[in-house]
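Notes for the one structure printed next.
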Amino acid sequence: MTFSHPRTWSLSVKLPLTITAVVVGVAITVGMAIVVQERDRIRENLEEKALVIARGVAGVAYEAVLRNDYWGLYKSLQSMTAPTDPDGNAPSILGGLVLDTEGRVLAHLNPEANPVGMPLLGANPEQRKWLREVLEVNAPHIHIAKTEKGGYVESIVPVQSEGSVVGVVVLQLSTEEINTRTLAAAAIIFGIAIALAVVGSLLGAYISRRMIRPLNALASGMDTVGRGDFTRLIPVKPRDKDEIGQLVESFNRMTGELAGKKQLEQQLAMSEKLAALGRIAAGVAHEVNNPLGGMLNCLDILRKKPGDEALVQRYLPMLERGLNRIQAIVQGLLAELRTDQADAWGDGGCVEDVKDLIVAEIGDRQIQLLWSNQINESTCVNCGHLQQVVHNLLRNAVQAVGEKGTVAFRTQIYGDKLLIEVEDNGVGIPEDVLAHLFDPFFTTRSSGTGLGLWITYRLVTRMNGEIEVESEPGKGSLFRIKVPSRAVAQSLLSGAA
Amino acid sequence: MAGLVTRRRTLALLGASMLARPLWAAEEERPVRFGLTAVVVRENLQFFERWRHYLEQRIGRPVRFVQRRSYREIMGLLQTGEIDFAWICGYPYVQKREPEFLELMAVPVFMGEPLYSSYIIVHRDNHATSLPDLKGKVFAYSDPDSNSGYLVPRYLLTGTGALPDSFYRLTFFTYNHAETVEAVANRVADGGAVDSYVWEFMAKTRPAVTERTKIIIRSQKFGFPPLVMRSGADQELKRRMQAAILGMREDIDGRALLGELSLDSFSQANPALFDSIRAVAQRMIEGGKP
């Protein structure tokens, strides 16, 4: 059997346990205090009883003592000490006797062993001392004595006749009653304590269940919210108007608001998407319309002057350029549409393939390409997407550098992410351009379509990645891409396979 | 209104009937007082209640039993006329009275004869078999005026040559034969003298007590403690009471009461029945030599 650390226990265990422990502790402490007090009370009660009985005998005995009425004394001793209730639940009388001032027995509850008229046998020195003292000071005395057979309360009361002492009554009550009655009281008290403990723990279990159920619901609710799932959210039912109830209410309010916000965001994203689509459509229309206008003019002029060879020579290249531009726009759009295609997983070597394309792009320009690639065949990546992203960024970097400069390509696998950086020391990007860098059809170059970075952004997003730009005009730019762990985990798995 | 008148008339009638009662009724209604002593076992109050009712029916007057601790008190009450009847012991009866104020009314018949004796008893475990064995011990008498409980045991002791006043270490009176048995049974006294009738009666009713005692001496027989009446009492009352007592053996109720007392009957007594007690008392006065 193993025990876990109490700190790891559930509240539904700890709370009832604590309540039970507290109830039991209090009940036992109070019970023990009561038992001790009860024991004192019973002892006092017994002493008082011993004194009362002895006084009762002494009160009626004086005449009999004076008249040497041994039988009368014996009878009053016997009747005073006889059990009064039918259960025989009277204090057990160990001894009762009447002595005259000389210490002779006038009456004894055990007459066989203590014949009347004889000196008291078996009295111990302490008892003799008390007897003498009572005879001298003429005042009752009570003490508790112990023998090997058990303790007893001994009361010694003088028998008085007109102020003078004519004898003493000695009464011994067994102290066993103290123990038996204390035990009985203790049994009752501890029975109550156990009953209280049971009730307390049941109550504790009930209270903790009541407290912990909303807490558990809150925990699972928070878990759901943490996963960003607002659809399966069930409001926690508040049971009480206490702090937990308030917490539950605020949690419900919070999740409600979060869900509302999420919905609002989705609506916003949808309308943004539609707006973007509109912008694309407008962009396409505009971009296609620009060359179309010139081309239609050219065709109009050529139709008016069908035989003019010089015009044909002049306008055909113009028509070709216009159509080429339209083709480029359409191809860009098609490339964007292709991003919807299924992922094409492959080994990391495909990233290395981009290097040749870029070297060809650089041609004989004085551009230094710093290549540091950690992604190799042992890593698996989303080849199609990643190749296009890397190619786009490197082409942009080469264009930004112009005739002379440096372009750096670095990749790293760290933790659960791929880190790809493309850096150049080209013209840099002005701040107002940075804000629209990833918008479609946004370009600073006359020949650009404004689709390259937009497509790059879309691809990175599709891979659940992030893209960052750092740039300073005149000094260069740095594009940093992080593709999250899932891709790596999957790549590692299939790499191992 | 009618109701009021009726009530007034009823009240008037009631007053008239009270006035109409004869004056002698007051005398008739005064209870007849009957003294009881230690010769009978007096604990059974219900029995005396029944006996009282029985006597009331026979004599036509209320009866009250009067109990006193000692014979002497009952004798005093007889002398002063506070009681008219009493059940006393033979020893007080034979004591000289000047002038005589007692008349014998009846004597109980016990086990076929109007006689009883004195038992000297000791505790069952006591090895004593005779009076000399009790020398220096504690002895219980019943009453200084008792025949069986005082006179006879002292007389028996003088018969052994001992002096009764110094023979025992201690003596005491229980003023009740039954309690003498208890004192011996509880070993408060080593020996005791008891009325044979009381001991036999207790042997039937409270055997647990008598079983703890044993009889070592049975004395000669004496006249059973008699029922007496005051000479100065109303003659008619004396006649009716004596007739009631003597007639108890004649009817069922009386016989039942006698049965409870363990007696055969109450019979007419001859004062000569108590001559033996008188003789013992005389010898004790003369010096205790038999």
>> Roughly how far apart, in whole Å, are the Cα centres of region A:44-66 and region B:228-285?
In response: 44 Å
>> Check which residues have an amide H placed less than 5 Å from A:G167's amide H, if you skip close sequence neighbours.
In response: A:V159
> How would you classify chain B from its alpha-carbon gyration tensor, with a ≥ b ≥ c the square roots of the eigenvalues: rounded for a/c under 1.5, else prolate if a/b is greater than b/c, otherwise oblate?
Replying inline: prolate
>> To the nearest hundred square angstrom, how large is the accessible surface buried between B and A, total for both chains, probe 1.4 angstrom?
In response: 1200 Å²
>> Taking just the alpha carbons, could you work out the radius of gyration and Dmax for chain A, both in angstroms?
In response: 54.7, 179
> How crowded by other chains is B:187-194, given as the mean number of beta carbons from other chains within 10 Å of each beta carbon?
Replying inline: 4
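Taking the Kirkwood radius as the inverse of the mean 1/r across Cα pairs, report the Rg/Rh of region A:127-216.
Working: Rg = 26.8 Å, Rh = 17.8 Å.
Ratio value, two decimals: 1.51.
Rounded if a/c is under 1.5, else prolate if a/b is larger than b/c, else oblate: which is region A:7-183, with a ≥ b ≥ c the root eigenvalues of its Cα gyration tensor?
Details: a/c = 3.38, a/b = 3.07, b/c = 1.10.
Because a/c hits 1.5 or more and a/b exceeds b/c, region A:7-183 counts as prolate.
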> What's the local net charge at A:I19, with K and R +1, D and E -1, over the other residues with C-beta under 15 Å away?
Replying inline: +3
> Given q = 0.12 Å⁻¹, what are the Debye log10 I(q)/I(0) values for region B:92-236, with equal point scatterers placed on the Cα positions and solvent ignored?
Replying inline: -0.51
> B:A106's amide H: which non-local residues (gap 5+, or another chain) put their own amide H closer than 5 Å, with H modeled 1.01 Å from N in plane and none for Pro or chain starts?
Replying inline: B:L227
> Where does each of B:267-274, A:57-64, B:116-123 land if you order them by average Cβ count within 10 Å, highest first?
Replying inline: B:116-123, A:57-64, B:267-274
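How well do other chains shield peptide A:66-76, expressed as the mean number of their Cβ atoms within 10 Å of each residue Cβ?
On the way: counts 0, 2, 4, 4, 10, 15, 5, 2, 8, 6, 0.
Partner Cβ neighbours, averaged per residue: 5.
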> In peptide B:90-98, what is the residue-averaged number of other protein chain Cβ atoms found within 10 Å of each Cβ?
Replying inline: 0
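Looking at chain B, send over the antiparallel percent of its DSSP beta bridges, to the nearest 5. List each step's numbers first, then the result.
On the way: 23 of 37 bridges.
Bridges in chain B are about 60 percent antiparallel.
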> So, by mean Cβ neighbours within 10 angstrom, what's the order for A:258-270, A:123-135, B:226-238 with the highest one leading?
Replying inline: B:226-238, A:123-135, A:258-270
> Ranked highest first by average number of other Cβ atoms within 10 Å, how do A:245-252, B:69-76, B:202-209 line up?
Replying inline: B:69-76, A:245-252, B:202-209
>> On a 32 Å Cα-Cα criterion, which of the cross-link pairs A:K417/A:K475; A:K14/A:K261; A:K237/A:K417; B:K137/B:K204 come out too long?
In response: A:K14/A:K261; A:K237/A:K417
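The values are calculated or read from the model by the stated rules, or taken from the named source; none is laboratory data. Since the structure is predicted, the reported quantities are computational estimates derived from the model, not experimental observations. A quick note on method: Cβ atoms are made from the backbone with ideal geometry, for glycine too, and the neighbour counts reach across all protein chains shown. The area values use the complete protein model at the heavy-atom level, side chains included, leaving out ligands, DNA and RNA. Shrake-Rupley method; radii C 1.70, N 1.55, O 1.52, S 1.80 Å.
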